[in-house]
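Contents: one structure, followed by commentary.
Coordinate-derived values only; no laboratory data. Since we're looking at a predicted model, the values are computed, not measured. We place every Cβ from the backbone using ideal geometry, glycine too, and count neighbours over all the protein chains shown.
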Amino acid sequence: MKTISLKIDDSIFIETEKILSKTRKSRNRYINDALDHYNRFQRRMILENKLRKESDVVREDSMDILRDFEDIDYVD
């Protein structure tokens with residue numbers, strides 16, 4: 001485990017302490033859980049952005065192909 005030092009806004013610290021006084025979690029466990037949750041959220045946002053970009057590329061290609069098919073003169 002790594003040891004870090006961080007500065008927390010007073011309002012966040014006070015709110016955290018109020019919550020911790022009503023739970024059985026240590027401050028360290030609470031912060032670890034919060035960081036884990038936020039990391040999972042950020043990974044999901046990164047994946048969502050990547051998928052959105054890839055979807056845009058595929059959509060552009062699909063539209064190009066659709067236009068090509070529309071330009072084909074079908075003979076019966």
- Message: Which count do you get for residues in the stretch 66-76 that are assigned to a helix (DSSP H, G or I) and loosely packed, with under 10 Cβ neighbours inside 10 Å?
- Response: 5
- Task: Tell me, yes or no, whether the stretch 43-53 has at least one residue that is surrounded by 10 or more Cβ atoms within 10 Å (Cβ to Cβ) and under 27 Å from L20 (Cβ atoms).
- Result: yes
- Looking at this structure, is K25 touching an Asp or Glu at 6+ places or on another chain (Cβ under 8 Å) and of a type in the set (D, E, K, R)? yes
- Message: If I go through the stretch 1-22 residue by residue, how many of them are surrounded by fewer than 10 Cβ atoms within 10 Å (Cβ to Cβ) and in a loop (DSSP other than H, G, I, E, B)?
- Response: 9
- Message: I need every pair where a residue in the stretch 9-21 that is closer than 13 Å to A34 by Cβ and in contact (Cβ under 8 Å) with a residue 12 or more places away in the chain has its Cβ under 7 Å from the Cβ of a residue that is hydroxyl-bearing (S, T, Y) and surrounded by 11 or more Cβ atoms within 10 Å (Cβ to Cβ), sequence separation at least 6 or different chains.
- Response: T16/Y30
